[in-house]
């Protein structure tokens, strides 16, 4: 079963978030994780309603991938999504993907010690997939699999 990730991003990076999602949906890309998000903007100004919608998308995910652009560190919503991800009954792992070279990493990601990938560095989607898996394992999601891998188990499942 694929790993489920929640995609967090600052509103100004909406176009690149859509591009990230489109890349993963390409028939030429073998993505082993599915991504949940709010790429279609919520038609509301009610913070409580928006919060509920975001939390619904966070359900059943094991990793939160934060696209980090130049203004992401200023976003209250991204900060809340990081907080909610870590506050789940089974906390999500966190992964940051820097989409602007000089972008400041949000405090919540720094405090957690999230792995940070540079959008331009990986040569294939496999690098992103591997980082998503490491984030999930770091959060304790899938520890039985990690134990079998480190103990020399012979599963070719990779999950």
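Details
- Those residues of the range 97-119 which are in contact (Cβ under 8 Å) with a residue 40 or more places away in the chain, more than 15 Å from residue 13 (Cβ to Cβ) and in a loop (DSSP other than H, G, I, E, B), in sequence order: 114
- Filter result for residue 126 (surrounded by fewer than 23 Cβ atoms within 10 Å (Cβ to Cβ), at pLDDT 90 or above and more than 26 Å from residue 47 (Cα to Cα)): no
- Looking only at the range 76-96, residues that are over 16 Å from the mean Cα position of the chain (by Cα) and either within 22 Å of residue 129 (Cβ to Cβ) or not in a helix (DSSP H, G or I) (or both) come to 1 in all.
- Here residue 147 passes the criteria (1) modelled with pLDDT of 90 or more; (2) over 15 Å from residue 5 (Cα atoms) except the one numbered (1).
- Output for the range 106-123, where each listed residue is more than 15 Å from residue 63 (Cα to Cα) and surrounded by 16 or more Cβ atoms within 10 Å (Cβ to Cβ): 106, 119
- When restricted to residues that are surrounded by fewer than 15 Cβ atoms within 10 Å (Cβ to Cβ) and either under 16 Å from residue 94 (Cβ atoms) or at pLDDT below 85 (or both), the range 40-82 contains 6.
The values are calculated or read from the model by the stated rules, or taken from the named source; none is laboratory data. All values derive from a computational prediction rather than experimental measurement. Here Cβ is always computed from backbone atoms with ideal geometry, including for glycine, and neighbour counts include all displayed protein chains.
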